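Everything below concerns the one structure shown next.
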Amino acid sequence: MDYREHIESNTHILLGKPVIKGTRITVALVLQRLSEGCNKCRIGLCFRCNC
């Protein structure tokens, strides 16, 4: 899997922080949730995304 299909960085969105493509959900936030013990489906529910 190529991460560039899912993650983008644009200086006009959140000052260029890496985000999930098509959203304003930062990669840092997803990593933080994973480190807290959330699984990908739980994170998807929190942000109303599909697993």
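Read the figures in this text as sums done on the coordinates, not as results from a lab. All values derive from a computational prediction rather than experimental measurement. So basically every Cβ, Gly included, is an ideal-geometry build from the backbone, and we count neighbours across all protein chains shown.
Collect the residues in the stretch 1-21 that are without any contact (Cβ under 8 Å) to a residue 12 or more places away in the chain and either in a loop (DSSP other than H, G, I, E, B) or of a type outside the set (D, E, K, R) (or both), keeping them in residue-number order. It would help to see each step written out before you state the result.
Of the residues in the stretch 1-21, the ones without any contact (Cβ under 8 Å) to a residue 12 or more places away in the chain are 1-4, 9-13, 15-18.
Within the stretch 1-21, M1, D2, Y3, S9, N10, T11, H12, I13, L15, G16, K17, P18 qualify.
Name the residue that is surrounded by the fewest Cβ atoms within 10 Å (Cβ to Cβ), counting only residues in the stretch 6-30 that are among the hydrophobic types (A, V, I, L, M, F, W, C) and under 8 Å from the mean Cα position of the chain (by Cα). Write out each step before concluding.
Of all residues in the stretch 6-30, those among the hydrophobic types (A, V, I, L, M, F, W, C) come to 7, 13-15, 19-20, 25, 27-30.
When the remaining residues are screened for being under 8 Å from the mean Cα position of the chain (by Cα), the result is 7, 19-20, 25, 27-30.
Numbers: I7: 14, V19: 21, I20: 16, I25: 17, V27: 16, A28: 11, L29: 16, V30: 19.
Here the residue is A28.
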